[in-house]
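Here is the structure we will look at, set down as structure tokens.
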Amino acid sequence: MKIDQPNAVFGRRGREASVPAALAGRTVEPTRTIGHLVRLLGLVAFLLTVAGAVFWTLPGIEKMNLEAGRAERRVVEIVNQPITHLPRSGPVSVFAPGWFHPGATTPDFNNVDVRSTQELTHEGHVTSDLNPTEMFIGSELEFNAMTKYFYTDRTLPKKRLSNSEMIEINGLYRVIGSDEQAVLMRWLAIIGLAVVGLCLGVALLLLFRRTRQLATG
């Protein structure tokens with residue numbers, strides 16, 4: 001009896017020790033699955049937030065593009081005002097070929113002052129090889145390298161702008177420059193959000209597969 005008793009006690013202790021270990025093994029997998037599900041839901045919420053931020057930014061870009069477009073149309077309207085046309089007669093200065101060299105410099109919309117680049121070089125009556133039957137009053141004309149970008153009809157010289165008109169153009173240029181910078185920054189933000197969203201999508205896919213494996217394993 002003394003010999004059998006220790007064996008019985010030892011057997012009971014062995015069974016008692018194995019039961020908690022078995023229970024622990026059963027609870028590990030559900031705990032891991034729940035943890036993966038929580039992370040999965042968190043990533044989904046963050047991805048939805050990123051998508052919402054992208055769609056919230058797009059209308060702002062459209063609004064600024066419309067504002068810049070209105071400013072540009074107003075500049076075109078001011079710069080390309082009608083001029084006096086006269087039938088050619090008497091001595092005239094002839095510009096050739098045409099009135100302007102090809103191309104145009106894009107103005108520095110945020111800083112340029114078009115008053116400082118206005119050129120009043122026409123005197124008397126002038127014409128060009130593009131307008132052989134007409135002449136124009138030189139004192140009514142100008143050339144401005146910082147408004148040439150908006151010349152629409154280069155077969156005609158451009159009207160001399162008043163000081164108030166040039167001040168208005170300066171203000172319109174600031175609007176264009178500000179909107180261009182803001183649009184660029186928003187597009188960069190959208191690109192950054194898109195990259196984050198792509199990374200989140202990949203992470204969600206991998207985490208979803210891992211969660212399914214744990215759930216079915």
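Within region 58-88, the set of residues being of a type outside the set (D, E, K, R), without any contact (Cβ under 8 Å) to a residue 60 or more places away in the chain and open to solvent by 70 Å² or more (accessible area, probe 1.4 Å) comprises 59, 66, 85, 87.
On the given criteria, is residue 182 small (Gly, Ala, Ser) and surrounded by fewer than 16 Cβ atoms within 10 Å (Cβ to Cβ)? Criteria not met by residue 182.
Quick grid of which residues meet (1) open to solvent by 40 Å² or more (accessible area, probe 1.4 Å); (2) farther than 27 Å from residue 92 by Cβ; (3) modelled with pLDDT under 75; (4) part of a helix (DSSP H, G or I):
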| residue | (1), (2), (3), (4) |
| --- | --- |
| 136 | no, no, no, no |
| 153 | yes, no, no, no |
| 170 | no, yes, no, yes |
| 176 | no, yes, no, yes |
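Per the conditions (1) touching a Ser or Thr at 6+ places or on another chain (Cβ under 7 Å); (2) open to solvent by less than 80 Å² (accessible area, probe 1.4 Å), the sole criterion not satisfied by residue 142 is (1). Would you say residue 130 is hydrophobic (A, V, I, L, M, F, W, C), in contact (Cβ under 8 Å) with a residue 12 or more places away in the chain, open to solvent by less than 50 Å² (accessible area, probe 1.4 Å) and not in a strand (DSSP E or B)? Taking the combined requirement at face value, the residue does not satisfy it.
The values are calculated or read from the model by the stated rules, or taken from the named source; none is laboratory data. Owing to the predicted nature of the structure, the values given are computational and were not obtained by experimental measurement. When we count neighbours, we look across all protein chains shown, and the Cβ atoms used for this are built from the backbone with ideal geometry, even at glycine. Heavy atoms of the whole protein, side chains included, go into the accessibility calculation; ligands, DNA and RNA do not. Shrake-Rupley method; radii C 1.70, N 1.55, O 1.52, S 1.80 Å.
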